[in-house]
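Okay, structure first, notes after.
The values are calculated or read from the model by the stated rules, or taken from the named source; none is laboratory data. Keep in mind that what you see is a predicted model, and the values were worked out from it rather than measured. No Cβ is skipped: glycine too gets one built from the backbone with ideal geometry, and neighbour counts run over all protein chains shown.
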Amino acid sequence: MDRRRWQDHAAFIVGIWLIAAPWALGSFSPDSVPLGAAAWNFLVCGVAVAILCATALASYRLWEEWVNLLIGIWLIASPWMLHDVEKRPFVWNALICGILLVVLGISALYGTKPSERR
């Protein structure tokens with residue numbers, strides 16, 4: 001039985017974007033190190049989401065969806081928690097990626113059959 005879900009593929013793409021976001025949004029030093037709390041937040045969250053989704057594609061577990069959901073909630077709150085609301089591109093990126101992860105997580109959890117829940 002193939003338990004891989006399209007939500008894991010989509011969340012993996014969001015994770016890869018989050019990894020690339022500090023460079024795409026221009027928040028890096030001359031040695032290509034991310035600058036600022038928001039840039040590091042995107043990098044760490046992106047790595048976590050990408051690893052979780054790659055793991056979910058190899059062997060599906062329900063807790064991975066819950067962790068992605070929590071990371072999405074953190075991303076939505078992070079601009080205010082990290083006091084980075086003056087950087088509009090970072091705020092919008094955090095909100096959009098966070099909402100996508102929350103929607104994908106809820107969709108995957110809602111679509112799980114009771115026999116698959118562990």
Test set (1) at pLDDT 90 or above; (2) in contact with a strand residue (DSSP E or B) (Cβ under 8 Å, 6 or more places away or on another chain) - I71 fails condition number | (2)
In this structure, does S27 turn out to be under 27 Å from Y110 (Cα atoms), in contact (Cβ under 8 Å) with a residue 12 or more places away in the chain and hydroxyl-bearing (S, T, Y)?
-> no
Does region 3-23 hold any residues that are within 19 Å of V85 (Cα to Cα) and out of contact with any helix residue (DSSP H, G or I) (no Cβ under 8 Å at 6 or more places or on another chain), and which are they?
-> W23
